[in-house]
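One structure is given below, encoded as structure tokens.
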Amino acid sequence: MANGKNDLGLVGDVPDAWGFFTAKEENNSDSSDSVGIDAKPEEMYTYKYNMDFPEKSFCYIINNKNFNPLTGMGARSGTDVDAGLLKNTFTGLGFDVTVFNDQSSKAMYDILKKVSQQDHSKKSCFACILLSHGEEGTIFGTDQCIPLKNLTTLFRGDNCKSLIGKPKLFFIQACRGTELDEGIQADSGSDSSEQQRIPLEADFLYAYSTVPGFYSWRNTMNGSWFIQSLCEMLKQYGETLEIMPLLTRVNHRVAYEYESASNHPDFNRKKQIPCIVSMLTKELYLSAKNTN
């Protein structure tokens, strides 16, 4: 919107959650299995993922901006900026990018189930980016929430055979609770080629925009702090830096370069720190030239 107002009539940075005022009012009144993987010894014991495959890997972006009025959730102004920036960034890294706008919870599940059932044997990895309202452990479709695990489980080794041993990347821009970060002043200053077994949850990486229990911030004009920082770091270092130090730089940028500026006093001068959860088993460089 031209004036930058949205959600609950707020200007500037707003939390990616549906129930801030509702929450304030209310406050006031699978077991771990494994799968088999065939690999040659030199492939099994390398410390870098092989990203040199003949076909482009998929990157799916689900961008939920407008919600059913019955949910009580406001429109997520600024998210289209995020989606456009992400599409440009991941296309530049060699991904086959598709953006899905305003998807219901069932549609989100169906989209990801369909791609999980495709053949990824000639692709190096899979990336999924979810832009929506959220709470801890859930993400919102335009109509209602769905557990994140219902979506990510589709890509486990027992459900998506062609991605076994390959990185599955999930970037999640959404709130994970209703807490606000006030910030604090800091001083400056093997030898066998037999079939191996790996855990079902291996080779996943989850990059959350915030830590459990806290709001995630999005500027109504410029997009979210996390996605802006992620795309900036990927453009600068995506082809040269391993994913974990790259995401650490994302954390640093969000933590030190952003502070909310809102016309609502409860939302003003707040901070945010992203959260990286990695089950990757090798170093990941998003460029085939770094796999040798």
- PRE reach from Thr281 (point 7 Å along Cα→Cβ): which of the range 158-174 fall under 17 Å by backbone N? 158-169
- Provide the solvent-accessible area of Tyr237, counting protein heavy atoms only and rolling a 1.4 Å probe, rounded to the nearest 10 Å². 70
- Provide the solvent-accessible area of Cys275, counting protein heavy atoms only and rolling a 1.4 Å probe, rounded to the nearest 10 Å². 30
- How far is the Cα center of the range 107-161 from the Cα center of the range 214-240, in Å? 21
- Query: Can you give the accessible area of Ser57 in Å² (nearest 10), computed on protein heavy atoms with a 1.4 Å probe?
  - Reply: 10
- Message: Treating only the Cβ of Lys, Arg, Asp and Glu as charged (+1, +1, -1, -1), what charge dipole size does the range 61-145 show about its Cα centre? Round to the nearest 20 debye.
- Response: 260
- Item | Karplus 3J(HN,Hα) series, Hz, for the range 274-284 with 6.51 cos²θ - 1.76 cosθ + 1.60 (x for Gly, Pro) | x, 9, 9, 10, 10, 10, 5, 10, 9, 6, 10
- Query: In the structure displayed, which of Lys65/Lys87; Lys114/Lys149; Lys65/Lys123; Lys65/Lys114; Lys48/Lys122 lie more than 19 Å apart, Cα to Cα?
  - Reply: Lys65/Lys123; Lys65/Lys114
- Calculate the dipole size of the range 138-292 relative to its Cα centre from +1 charges on Lys and Arg beta carbons and -1 charges on Asp and Glu beta carbons; express the result in debye to the nearest 20. 320
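The values are calculated or read from the model by the stated rules, or taken from the named source; none is laboratory data. Here the structure is a predicted model, which means the values were calculated and not measured. Cβ sites come from the backbone with ideal geometry, for glycine too, and all protein chains shown count toward neighbours. Only protein heavy atoms, including side chains, enter the accessible area calculation; ligands, DNA and RNA are left aside. Shrake-Rupley method; radii C 1.70, N 1.55, O 1.52, S 1.80 Å.
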